[in-house]
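Coordinate-derived values only; no laboratory data. As the structure is a computational prediction, the values presented were derived from the model and not from experiment. All Cβ positions, glycine included, derive from the backbone under ideal geometry; neighbour counts span all protein chains shown.
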Amino acid sequence: MFENLSDKLDRAFKVLKGQGTITEINVAETMKEIRKALLDADVNYKTAKTFTDDVKQKALGENVLTSISPGQLLTKIMNDELTALMGGTATEISFPATPTVILIAGLNGAGKTTFTGKLANFLKTQKNKKPLLVAGDVYRPAAIDQLQVLGGQIGVPVYANLESKDPIAIAKEGIAQAKQNGNNVVIVDTAGRLSIDEAMMQEIEQVKAATNPHEILFVVDSMTGQDAVNTAKVFNDRLDFTGVVLTKLDGDTRGGAALSIKSVVNKPIKFIGTGEKMEALDVFHPDRMASRILG
Ligand code: GDP
């Protein structure tokens, strides 16, 4: 995960590590290298610029107050700033109602259906919940099958209505069934498209209006870098989602989406997907990710 970025940052740090003191000149030079590393990792341009300006200011400001070496000081500042950039502290989902309704949104192929299963498994095994999955992707029969297979694997019921092409009705029926069967969380999978599409946006807005979800999680493939960030912006403008799920981090060597998304849409990353298996899901911890990036 993020090996390319870590390597490049490590190289950028070398400029300062060999120095006895921090000066305007060697900090500026290091920041230029760090900015380059961030842009190579597909970090949003404005995010990279603001980030390096902040790190530079802190490095120059804290330099006079401390006796630690320039390399150690920069590592500490970078660690703090990367953590803040990715949201500071972990934000978990809450369960304000019974049933709590969670809507899953995103483009096709992002990993929505897989995440829907992973989340149900996580809630069942780690949070002692009794979830119900709702198959709301009515355009892709394979998506319904896929969800049913996943539900069977993890032992979580799935509500599907093969007769209907109406995702709003299906979502409502699913919630009604959860109430009847005592499921305290309902996770509604929705239909995506290959790219941003007005009909998809209208449909999911209608599902949102009809189901009043407590959480709307936007699922996006982290390997798509800035595209992921741009897609997040469009979905957030329309849906005002409550959190981001970054999938396929196991294949992402660059990390641009992880580093930019919070600062661009101002919504927390709540979960990360790290593989295809149902267990390959983690709550996102910005501080742990920052340490990992810095190696
Ligand atoms: P959807 O179209 O958004 O519902 O996407 P799917 O859930 O069908 O996922 C698309 C592909 O990505 C499938 O082959 C999944 O196994 C794979 N996938 C999903 N999440 C992850 C992940 O975190 N890591 C990896 N390596 N593959 C994933």
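Between ASN4 and LYS124, what FRET efficiency comes out of the Förster formula 1/(1 + (r/R0)^6) with R0 = 45 Å and r the beta carbon distance, rounded to 0.05?
That pair, LYS124 with ASN4, gives E of 0.80.
Can you give the log10 of the normalised intensity I(q)/I(0) at q = 0.23, 0.32 Å⁻¹, computed with Debye over equal Cα scatterers of segment 234-274?
With one equal scatterer per Cα and no solvent, log10 I(q)/I(0) is -0.78, -1.16.
Quick check on segment 158-218: what are the equivalent-ellipsoid semi-axes from the Cα gyration tensor, as sqrt(5λ), descending, whole Å?
21, 13, 10
At ALA199 and ASP282, where each label point lies 7 Å from the Cα along Cα→Cβ, what is the point-to-point distance in nanometres?
3.9 nm
Report the dimensions of segment 56-95 along its three principal axes from the alpha-carbon atoms, largest first, rounded to Å.
Projected onto the principal axes, the Cα atoms of segment 56-95 cover 47, 16, 13 Å.
What fraction of the Cα pairs in segment 13-111, stated in percent, has a spacing above 19 angstrom?
54 percent
Treating segment 204-295 as a set of equal point scatterers at the Cα positions, no solvent, please give the Debye-formula log₁₀ I(q)/I(0) at q = 0.13, 0.21, 0.23, 0.24 Å⁻¹.
Cα-only, vacuum Debye calculation for segment 204-295: -0.43, -1.04, -1.19, -1.27.
For a 27 Å ceiling on Cα separation, which of these pairs sit above it: LYS165/LYS262; LYS130/LYS233; LYS17/LYS248; LYS118/LYS165; LYS17/LYS58; LYS165/LYS248?
Going by Cα-Cα distance, LYS165/LYS262; LYS130/LYS233; LYS17/LYS248; LYS165/LYS248 fall outside the 27 Å limit.
Once the piece of chain linking SER164 and GLN72 is laid out straight, how much longer is it, given 0.36 nm per residue of separation minus the C-alpha distance between them?
My answer for the length gained is 27.1 nm.
For the chain, what is the relative contact order in percent, using Cα pairs closer than 8 Å and at least 6 residues apart in sequence?
Dividing the mean separation by the residue count of the chain yields 26 percent.
Would you please state the base-10 log of I(q)/I(0) at q = 0.06, 0.13, 0.16 1/Å for the chain, with intensities from the Debye formula using one equal scatterer on every alpha carbon?
Here the Debye-derived log intensity ratios amount to -0.23, -0.84, -1.14.
With only alpha-carbon atoms counted, please give the Rg and Dmax of segment 121-230, in Å.
14.4, 43
Got the relative contact order for segment 107-241 handy, in percent, Cα pairs under 8 Å and 6 or more residues apart?
Relative contact order of segment 107-241: 30 percent.
What is the gain in length, in nm to one decimal, between THR50 and ASP80 on full extension, counting 0.36 nm per residue of separation less the C-alpha to C-alpha distance?
Contour length minus the Cα-Cα distance gives 9.4 nm.
When you take every Cα atom in segment 31-78, what is the radius of gyration, and what is Dmax, the widest Cα pair distance, in Å?
Considering segment 31-78 through its Cα atoms, Rg and Dmax are 11.6, 35 Å.
Top mean-square fluctuation among ALA169, ALA191, ALA258, Gaussian network model of the chain, C-alpha springs under 10 Å?
ALA169
In the calculated pair distance distribution of segment 94-157, what percentage of Cα-Cα distances lie above 14 Å?
More than 14 Å apart: 56 percent of the Cα pairs in segment 94-157.
Ordered by packing density, taken as the mean number of other Cβ atoms within 10 Å over each peptide's residues, highest first, how do 15-26, 109-120 rank?
Answer by packing, highest mean first, reads 109-120, 15-26.
Can you give me the relative contact order of segment 31-154 as a percent, contacts being Cα pairs under 8 Å and 6 or more apart?
14 percent
Considering every pair of different Cα atoms, what Kirkwood radius, in Å, is found for segment 1-40?
Result for segment 1-40 stands at 10.3 Å.
Using only the alpha carbons, work out the radius of gyration and Dmax of segment 246-295 in angstrom.
So, for segment 246-295, Rg and Dmax equal 10.9, 30 Å respectively.
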